[in-house]
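Peer 1: One structure is given below, represented as structure tokens, and several questions about it will come after.
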Amino acid sequence: MTAAPLTPLDLVGNTPLVELKRVPRPDGIRLFAKLEGENPTGSIKDRIARRLVDEAEQRGVLRPGMTLVEASTGNTGIALAMVARQRGYGVRIVLPEGVVPSVPQILETLGAELVWCPPQSGTKGAIEMAERMMLEDPERCFAVQQFKSPLNIDCHYRTTGSEIVAALDHADVLVAGIGTGGTLMGVGRRMREAYPGLRVVGLEPHVGEYLQGLRSLEDAFMPPLLDLEAIDGRWIVSAAESIRAAKLVAETEGILVGISSGAALHVGLKEAERRRERGGNIVMMFSDSGWKYLPAQPWEAAKADSPDLDEVHWW
Ligand SMILES: Cc1ncc(COP(=O)(O)O)c(C=O)c1O
């Protein structure tokens, strides 16, 4: 008997952890990247989109005919649009102006309804707008609430973190971007159980810069899921640094990763420098693939050190 055919939702998770052997690094340092771009919509957010929808269906709060509502700079919206198509829901995404142009194009192609909010309203404003929509029409709208739901952390604890632990005997450092904080909290907790002494490091953009998906914690919004006590370090990374490192991955390894993956490599290499004498294994979350960023011409903008660099949500 042949196996039951897969559906797109079966393809979520179980992404590869690859060793980057061609990126220049200090002797004794091994770099590992979790390639989340291998998920069906090309980002880590497929994991939480599937989990949050599954759970809401089980609790009976999400019912046929309803519309998923969420604030997102791109990846969560795209992931929710896929899950919504698979399960037959509507989907409405509150999107700040300034996202790379492919994001609204992909969302519309997947049948999502877009609601724009001004960039100065920030993550907080976008979340509030999504919550207001839900309150105005609770019978038909379901607020997904990736920023608030503890399932976001639990999903990364059980899936992303466990997959890394199954693939690697030992790790010394975990590097992940901070958006909702779900990845860093969940993966960090699971990896710490397996690798005592693990250093958990978060990265964030400069104040006022919009690295898509991630926000500076100084920007008046502290993601409720993020527990600063649970992390050992934070790095601030600029858009130009992130883009240059993403280009380095492309040039040395031949894989096209997103800009936040570049930021993770940039920080991974800083951590490698700190461990130069000791060596060690550094795991970096490569949260999405790079295709959707190309129309925004990141390489050219970084080369020219264009002032527009900070106006775009890069991850
Ligand atoms: C490309 C990318 N990297 C990293 C993150 C951060 O992930 P988290 O929300 O789990 O903190 C996001 C969040 O949207 C993202 O889109």
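Peer 1: Whether any residue in segment 263-276 is of a type in the set (D, E), open to solvent by less than 10 Å² (accessible area, probe 1.4 Å) and under 19 Å from E19 (Cβ atoms) is what I want to check.
Peer 2: Narrowing segment 263-276 to residues of a type in the set (D, E): 271, 273.
Narrowing further to those that are open to solvent by less than 10 Å² (accessible area, probe 1.4 Å): 271.
Next, from what is left, pick out any that are under 19 Å from E19 (Cβ atoms): 271.
Yes, that holds for at least one residue.
Peer 1: For segment 1-16, what are the residues that are open to solvent by less than 100 Å² (accessible area, probe 1.4 Å) and of a type in the set (S, T, N, Q)?
Peer 2: To start, the set of residues in segment 1-16 that are open to solvent by less than 100 Å² (accessible area, probe 1.4 Å) comprises 3-4, 7-13, 15-16.
Those that are open to solvent by less than 100 Å² (accessible area, probe 1.4 Å) and of a type in the set (S, T, N, Q): T7, T15.
Peer 1: Suppose the filter is open to solvent by less than 30 Å² (accessible area, probe 1.4 Å) and over 21 Å from the mean Cα position of the chain (by Cα); does F147 pass it?
Peer 2: Details: open to solvent by less than 30 Å² (accessible area, probe 1.4 Å): yes; over 21 Å from the mean Cα position of the chain (by Cα): no.
The answer is no for F147.
Peer 1: Tell me, which residue of segment 172-206 that is part of a helix (DSSP H, G or I) and charged (D, E, K, R) is least open to solvent (accessible area, probe 1.4 Å)? If you could, list the steps in order and put the result at the bottom.
Peer 2: Residues of segment 172-206 part of a helix (DSSP H, G or I): 182-194.
Then keep just the ones that are charged (D, E, K, R); that gives 189-190, 192-193.
Values: R189: 130, R190: 53, R192: 81, E193: 104 Å².
Of everything passing the filter in segment 172-206, R190 is least open to solvent (accessible area, probe 1.4 Å).
Peer 1: Just the residues that are surrounded by fewer than 16 Cβ atoms within 10 Å (Cβ to Cβ) and outside any helix (DSSP H, G or I), please, taken from segment 117-136.
Peer 2: P118, the sole residue that qualifies.
Peer 1: Suppose we keep only residues that are more than 16 Å from the ligand (Cβ to nearest atom) and either assigned to a helix (DSSP H, G or I) or not hydrophobic (A, V, I, L, M, F, W, C) (or both) within segment 137-161. Which one would you say is modelled with the highest pLDDT? Write out each step before concluding.
Peer 2: We begin by selecting, within segment 137-161, every residue more than 16 Å from the ligand (Cβ to nearest atom); these are 137-143.
Then keep just the ones that are either assigned to a helix (DSSP H, G or I) or not hydrophobic (A, V, I, L, M, F, W, C) (or both); that gives 137-140.
Values: D137: 90, P138: 87, E139: 90, R140: 94.
If we take residues in segment 137-161 being more than 16 Å from the ligand (Cβ to nearest atom) and either assigned to a helix (DSSP H, G or I) or not hydrophobic (A, V, I, L, M, F, W, C) (or both), then R140 is modelled with the highest pLDDT.
The values are calculated or read from the model by the stated rules, or taken from the named source; none is laboratory data. As the structure is a prediction and not an experimental result, all values here were calculated from the model. Every residue, glycine as well, gets a Cβ built from its backbone with ideal geometry; the counts of neighbours run over all protein chains shown. Side chains are part of the model used for accessible areas, which takes the heavy atoms of the whole protein and leaves out ligands, DNA and RNA. Shrake-Rupley method; radii C 1.70, N 1.55, O 1.52, S 1.80 Å.
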